Amino acid sequence: MHLGHLSVAEDLLRSVPLDELVFLPAGRSPFKPDGTVASTGDRLAMLLLAVAGEARYSVDPRELERAGPSYTADTMSEIAGERPEDELFFVIGRDNLEALPRWRDIERLARVVEFLVAGRDGAATEREIAALPDFIRARAVATRLHPASSTTIRTRLESGRDVSAFLPAAVDRYARSRRIYSPAPPRR
């Protein structure tokens, strides 16, 4: 969880009347079969540190606890069953919009959520949303551009460079103290 993600979350809370924004850290993504560099426990700890202090943010770790690949349709169907009175939204970045119709069980997922598409170019995003199949409910939400990206942060941490402009201070301290993404010590 970096400052770019938090910037999008702030923009969503300003633009859409949401009571709560729930962060769902991915378990084992079907698109990343080799796993991630940070452990599940470290990823959860960093997310909790990143959202601490914001009353409208919460974290749901259910996908981290699930064995095997995690599919959004399964998770959101579970949540819809637990919260039948709530209107559910699912936030995706504009970069995921093209692949959305090919997501596993997309028709089931689209029955329980409306997609909020975070993008910086509203007109282009609106055109892309209009090209989606009719059963997918989606709307564009304008977000600010932030230079943080997961790849940049990992690369900088691996080389020992400063990432304070990209991470909340508590997350930066945690990642450094646990040597997450740090290069392995040289062999002797």
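The values are calculated or read from the model by the stated rules, or taken from the named source; none is laboratory data. Owing to the predicted nature of the structure, the values given are computational and were not obtained by experimental measurement. Don't worry about glycine lacking a Cβ; one is built from the backbone with ideal geometry, like all the others, and counts go over all protein chains shown. What goes into the accessible areas is simple: the full protein's heavy atoms, side chains included, and nothing from ligands, DNA or RNA. Shrake-Rupley method; radii C 1.70, N 1.55, O 1.52, S 1.80 Å.
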Does the stretch 51-67 include one or more residues that are at pLDDT below 90, touching a Ser or Thr at 6+ places or on another chain (Cβ under 7 Å) and surrounded by fewer than 16 Cβ atoms within 10 Å (Cβ to Cβ)? no
List pairs: first residue in the stretch 58-77 and at positive phi, second residue buried (at least 16 other Cβ atoms within 10 Å of the Cβ) anywhere in the structure, Cβ distance under 7 angstrom, at least six positions apart or on different chains. Gly68/Arg28
Residue that is nearest to Gly119 (Cα to Cα), among those in the stretch 72-107 that are open to solvent by 90 Å² or more (accessible area, probe 1.4 Å), within 18 Å of the chain's Cα centre (by Cα) and among the acidic types (Asp, Glu): Asp95
Of all residues in the stretch 115-153, how many are open to solvent by less than 40 Å² (accessible area, probe 1.4 Å), outside any helix (DSSP H, G or I), in contact with a strand residue (DSSP E or B) (Cβ under 8 Å, 6 or more places away or on another chain) and within 29 Å of Phe166 (Cα to Cα)? 9
